[in-house]
1. When you scan the stretch 250-269, do you find a residue that is within 13 Å of G422 (Cα to Cα) and part of a loop (DSSP other than H, G, I, E, B), even just one?
2. Looking at (1) under 30 Å from T202 (Cβ atoms); (2) buried (at least 22 other Cβ atoms within 10 Å of the Cβ); (3) modelled with pLDDT under 95, find the lone condition where G180 falls short.
3. Give all pairs with beta carbons closer than 9 Å in which a residue from the stretch 241-253 that is of a type in the set (S, T, Y) meets a residue that is surrounded by fewer than 17 Cβ atoms within 10 Å (Cβ to Cβ) and in a helix (DSSP H, G or I); count only pairs at least 6 apart in sequence or on separate chains.
4. Only residues in the stretch 341-369 that are part of a helix (DSSP H, G or I) count as the first member; pair them with residues that are charged (D, E, K, R), Cβ under 8 angstrom, at least 6 apart or cross-chain, and list the lot.
5. Can you tell me how many residues in the stretch 288-301 are of a type outside the set (D, E, K, R) and at pLDDT 75 or above?
6. On the given criteria, is T55 at pLDDT below 95 and surrounded by fewer than 16 Cβ atoms within 10 Å (Cβ to Cβ)?
7. Take L122 and decide whether it is farther than 17 Å from I431 by Cβ, touching a helix residue (DSSP H, G or I) at 6+ places or on another chain (Cβ under 7 Å) and of a type outside the set (S, T, Y).
Amino acid sequence: MRAIVPGDLNSIELDQTRRDRRLLLVLLLVPVLLSLATVWALDHTRANKSLFSITNFVGPTTRSLLTGGGITVCTEEMGTRGNPICFHAARMPATAVVVASGIRLLGDRYIPVVCFKTILLLLPVEFALYLAWCCLPQPPGRRALTILLLLVPFLIPAFLADVTNLQVDEGFSYSFLALGAAILFFGQPGRRTVGTASLHGTHRALLFAAALDGLYLSKSGMQLAVLVLLAGFLALEKQTSLRWLVLLLVAAAPLGWALHQHHASGRYSLGTSFDGINLHKGNNAGFLRNYPPPHGDSLDWYDFELNRGVSFPDEWSFNDYHLRSAFEYLRTHPQETLSGDARKLKILFFSLEKYGSTASLGGRRLIEIAGMLAFRLIFWIATASSIFLLLRHRPPADRWLRVEAATFLALVAASTLPFLVGFAYTRHVSILIYPSALFCCRLLCEPERN
């Protein structure tokens with residue numbers, strides 16, 4: 001039998017490197033192709049629709065931004081007939097900025113702009129895929145399962161709805177949440193098993209801060225999630241200078257948003273002027289009687305009912321009124337509130353049905369249920385594993401893994417708590433599909449021990 005010489009080893013390593021690079025190409029291309037195919041499947045009938053007609057204030061705020069008016073919309077559509085309110089802070093800015101950028105580049109053409117948004121917001125996810133690829137385990141079984149976990153979310157309709165959606169904030173926040181989680185789970189030094197280049201400390205810090213700023217500016221309900229991810233980074237990062245760099249860069253987003261709001265509306269605010277009605281919507285007798293809504297109904301029509309016959313001088317009096325009404329209901333109706341919370345928990349953590357969006361029938365509905373089952377299994381495994389890691393006695397060398405497990409659990413709580421307090425639909429938990437898959441991949445990449 002011929003002995004293996006160094007030249008043979010170099011040839012084997014070269015072949016493995018080529019296979020790894022081909023695998024990376026597949027990991028990067030498949031999500032883009034599946035996402036663009038979903039855009040066509042869901043939106044080809046809207047090809048002639050104007051982007052300025054998109055609801056949830058997306059169209060009007062985009063038009064205002066393009067005409068130099070900021071993200072402002074004056075409307076009576078909130079049930080304030082004869083009393084139009086000018087909203088400067090109804091939505092966080094990421095949605096309008098992305099859609100306006102697409103229109104500026106491609107014109108008011110629905111399909112091209114949706115494709116632009118889809119590809120743009122996939123870029124952070126592509127980088128998350130790259131980080132996971134750099135840490136792929138060597139055992140074939142673990143390796144195959146890791147690859148499957150990275151691609152399966154792009155076969156889940158609830159996740160693809162986020163990837164392609166222009167109308168809801170989750171269509172933007174999912175991307176930054178995935179990148180932030182990936183940097184925590186795979187971006188730390190010493191994790192690399194594939195490739196020749198690691199993520200430099202400063203680059204890692206800058207990318208992580210950008211992900212958290214993007215997450216904050218895409219949805220006000222993600223403020224707790226931003227704090228959790230930031231705490232996880234500070235616990236894992238050893239260099240004090242990088243900790244301070246991330247702290248300062250992450251703080252810049254809420255500070256800048258608050259200053260903008262004061263200039264535009266006269267009040268410093270870290271959230272939006274819709275936070276009050278979103279809380280009130282989920283905490284009043286009429287809404288809870290109809291919750292969860294029938295398939296295909298989002299109960300958005302109920303926003304009008306909450307404002308019927310009430311007059312507001314500006315957006316912040318509108319916001320404050322709904323905050324007071326919500327807190328009053330929580331204080332005076334604890335039993336109804338707990339009953340509603342139980343139904344919200346079911347939708348957030350257990351339901352296989354889709355709530356809060358367009359109804360599906362026949363085979364498409366079965367595909368959606370199968371996709372939700374796949375998500376639930378990944379989510380439950382990730383959650384159970386993180387709890388197990390925290391409760392089980394582990395050696396000091398596993399401290400980093402325990403910190404990551406605690407961060408994942410806290411991220412689940414932080415991402416869902418605002419909707420448990422307010423109102424919960426499937427899209428509010430679907431943003432956890434990719435972080436759950438990434439945490440499962442992180443566990444598979446953990447070296448085996450005796």
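1. no
2. Answer for G180: the failing condition is (3).
3. These pairs meet every condition: S241/T202.
4. Matching pairs, first to second residue: E368/K354; I369/E353.
5. Number of matching residues: 7.
6. Yes.
7. Answer is no for this residue.
Table: residues versus (1) touching a Leu at 6+ places or on another chain (Cβ under 7 Å); (2) more than 21 Å from L24 (Cα to Cα).
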{"site": "A94", "(1), (2)": "yes, yes"}
{"site": "V99", "(1), (2)": "yes, yes"}
{"site": "L106", "(1), (2)": "no, yes"}
{"site": "A128", "(1), (2)": "yes, no"}
{"site": "T164", "(1), (2)": "yes, yes"}
{"site": "D169", "(1), (2)": "no, yes"}
{"site": "S175", "(1), (2)": "yes, no"}
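The values are calculated or read from the model by the stated rules, or taken from the named source; none is laboratory data. What you see is a predicted model; the values in this text were computed from it and never measured. Note that we place each Cβ from the backbone using ideal geometry, even for glycine, and neighbour counts take in every protein chain shown.
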